[in-house]
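If you scroll down you'll find the structure; I have some questions about it.
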Amino acid sequence: MTMSKIKIPVLLSALLLSPIPAFAVERIDPQQQVATIDYVVAVVNDDVITHNELEERVSTVVAQLKKQGTPLPEQGVLEKQILERMISDMLLAQYAKESGVRVDDTQLDVAITRIAQQNKFPTLAEFQAKLESEGVNVKKFRDEIRAEIVSTKLREREVESKLVISDSEVDNYLANKATMGLENEEYHLAHILVVVPEQASADKIQAARERADHAYAQLAGGADFAQVAAGTSDAKDALKGGDLGWRPTDRIPPLFMNELQTLKPGQNTAVLRSPSGFHILKLIDKRNGSAPVVITQTHARHILIKTSEIVTSAEAKKRILEIKQRIDDGASFADQAKRYSQDGSAQQGGDLDWLSPGQTVPEFEEELNKLKVGEIGMVETQFGWHLIQVLERRNTDVTEQQKRQQARASIASFKSEELYQDWLRQLRDRAFIEYRTNDEQK
């Protein structure tokens, strides 16, 4: 197995999806190591990004783009894109540290063990040995997984936890979709996003528009969309060529759908304006996704002991084991949940009602699926340690419910992305950022 075959899943909440990030891996070739004089290329609050760090990230991204078969943007354009991404990553890391969001080694091991299992490695040690044999810097790999989990936690806390979506919004969304005749279609899309900062001046808006127009001109001249996206887009998926994958029309804003309906596969839209900035979308393909949806649902209940700065994973596990022992000795699961669970379901005796596939985080769902009716299991997730009991299972046609759930998720996705971009811009606006050249430091 080579690293190109190792799959790195994104650690996200079950209700909201975001594009899969490209994880950098460092391959160390002693013959290519050259002694260079390092210097600072950017100051971000109290931290710095050095030229060597930037060049290392550029080399990694170039290798990834070549492996994907994506034509490379100009070197200067790519370096600028990657530097901006590194600045954003550093700002997120700084904010996480300041606000107490962290991932301890035990939580990190749980996440990487899951990655190992998905890649058919029975133990974490075997997986790490394979990474090392492929020339991967394991410490850097762990740091990147940790950073991704922290980023996800920040997004959940600062944005997604504050979203409110009413039933009337869902009703209106579905009605508009039916009117447009798009209920069953799915679109494979790629996009380019040029972000417009919050409360941007007319000059900054014009500069963003010119960047988008330049990208459009390149596409009109026959340039490869993935190459232009890698060199222009501010979206997190830029270095994947802007590929968004397959999306039901539920998850595509009406502004974009109005344009996409007129396109044939392979064509792209003109420059479109939204509150987030300027967009160009490419329709890669489309298909009919209509089919009855019959799924296995599980009625379950749980008890959660959260991990935090104060409560370690080991302490939370100990408390869960104590609760499990009391239940095994005859205590009521519901009573124990009401008394000890730190989840919103506690007052309902931990009852989670009927759960559909994909409705919970992967670790929870995996343990849930292993249990027989009546059995109790334990699992650790990003939230803490859970005690889970399966009460019932059923097969049910959830076509209509699925439509509403997808609609709600789509509305949440639009709102979440817009709010997240606003939050990132605010974080950046409050930061001290200074760009430096080598000449300035001589």
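Residue-wise test of (1) touching a Gly at 6+ places or on another chain (Cβ under 6 Å); (2) surrounded by 13 or more Cβ atoms within 10 Å (Cβ to Cβ).
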{"position": "Lys204", "(1), (2)": "no, no"}
{"position": "Ala226", "(1), (2)": "yes, yes"}
{"position": "Lys236", "(1), (2)": "no, yes"}
{"position": "Asp243", "(1), (2)": "no, yes"}
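Moving on to the next point. With under 25 Å from Thr50 (Cα atoms) and polar (S, T, N, Q) as the only criterion, which of Gln118, Gln75 stands out? Spell out the reasoning first.
Details: Gln118 fails: under 25 Å from Thr50 (Cα atoms).
Just one listed residue meets the conditions, Gln75.
Regarding segment 395-418, can at least one residue be identified that is over 26 Å from Asp353 (Cβ atoms), in a helix (DSSP H, G or I) and over 24 Å from the mean Cα position of the chain (by Cα)?
no
Applying the selection to segment 118-162, what residues are at pLDDT below 85, of a type outside the set (Ser, Thr, Tyr) and closer than 21 Å to Leu419 by Cβ?
Glu160, Lys162
Another one. Can you confirm whether Thr296 is among the polar types (S, T, N, Q) and surrounded by fewer than 17 Cβ atoms within 10 Å (Cβ to Cβ)? Lay out the reasoning, then the answer.
Working: among the polar types (S, T, N, Q): yes; surrounded by fewer than 17 Cβ atoms within 10 Å (Cβ to Cβ): yes.
For Thr296, the condition - among the polar types (S, T, N, Q) and surrounded by fewer than 17 Cβ atoms within 10 Å (Cβ to Cβ) - is met.
Loosely packed, with under 15 Cβ neighbours inside 10 Å and of a type in the set (Phe, Trp, Tyr) - does that describe any residue in segment 210-219?
No, the conditions are met nowhere in segment 210-219.
Does segment 391-442 hold any residues that are of a type in the set (A, V, I, L, M) and farther than 17 Å from Thr249 by Cβ, and which are they?
So in segment 391-442, the residues of a type in the set (A, V, I, L, M) come out as 391, 398, 407, 409, 411-412, 419, 424, 427, 431, 433.
Matches in segment 391-442: Leu391, Val398, Leu419, Leu424, Leu427, Ala431, Ile433.
Specify which of the listed residues (Ile388, Ile323) is surrounded by 18 or more Cβ atoms within 10 Å (Cβ to Cβ), within 29 Å of the chain's Cα centre (by Cα) and modelled with pLDDT of 95 or more. If you could, list the steps in order and put the result at the bottom.
Working: Ile323 fails: within 29 Å of the chain's Cα centre (by Cα).
From the options Ile388, Ile323, the qualifying one is Ile388.
Right, next: Any idea which residue in segment 350-359 is surrounded by the fewest Cβ atoms within 10 Å (Cβ to Cβ), counting only those that are in contact with a strand residue (DSSP E or B) (Cβ under 6 Å, 6 or more places away or on another chain) and of a type in the set (Gly, Ala, Ser)?
Top of the filtered list is Ser356.
Do we find that Ile295 is aliphatic (A, V, I, L, M) and assigned to a helix (DSSP H, G or I) in this structure?
Working: aliphatic (A, V, I, L, M): yes; assigned to a helix (DSSP H, G or I): no.
The answer is no for Ile295.
What number of residues in segment 65-81 are within 14 Å of Ala229 (Cβ to Cβ) and buried (at least 17 other Cβ atoms within 10 Å of the Cβ)?
5
If you don't mind, there's one more thing I want to ask. Please verify whether Asn369 is surrounded by fewer than 14 Cβ atoms within 10 Å (Cβ to Cβ) and touching a Phe, Trp or Tyr at 6+ places or on another chain (Cβ under 7 Å), treating the condition exactly as stated.
So Asn369 does not fit the description; no.
Report yes if Arg155 is surrounded by 18 or more Cβ atoms within 10 Å (Cβ to Cβ), more than 28 Å from Gln406 (Cβ to Cβ) and in contact (Cβ under 8 Å) with a residue 40 or more places away in the chain, otherwise no. Break it down stepwise before answering.
Numbers: surrounded by 18 or more Cβ atoms within 10 Å (Cβ to Cβ): yes; more than 28 Å from Gln406 (Cβ to Cβ): no; in contact (Cβ under 8 Å) with a residue 40 or more places away in the chain: yes.
It is false that Arg155 is surrounded by 18 or more Cβ atoms within 10 Å (Cβ to Cβ), more than 28 Å from Gln406 (Cβ to Cβ) and in contact (Cβ under 8 Å) with a residue 40 or more places away in the chain.
Identify, please: which residue in segment 423-442 is part of a helix (DSSP H, G or I) and modelled with pLDDT under 85 and is, among those, farthest from Val44 (Cα to Cα)? Before the answer, list the steps.
So in segment 423-442, the residues part of a helix (DSSP H, G or I) come out as 423-429, 439-441.
In the following step, the residues that additionally are modelled with pLDDT under 85 were identified as 439-441.
On the way: Asp439: 19, Glu440: 17, Gln441: 17 Å.
Per the criteria, the residue is Asp439.
Another question, if that's okay. So Ile165 clears everything in (1) in a loop (DSSP other than H, G, I, E, B); (2) surrounded by 18 or more Cβ atoms within 10 Å (Cβ to Cβ) except one condition, right? Which one?
(2)
Looking at (1) modelled with pLDDT of 85 or more; (2) surrounded by 15 or more Cβ atoms within 10 Å (Cβ to Cβ); (3) polar (S, T, N, Q); (4) closer than 21 Å to Arg428 by Cβ, which is the only condition Ser18 fails?
(1)
The values are calculated or read from the model by the stated rules, or taken from the named source; none is laboratory data. All values reported here derive from a predicted model rather than from experimental measurement. Glycine also receives a Cβ, built like all others from the backbone with ideal geometry; neighbour counts cover every protein chain displayed.
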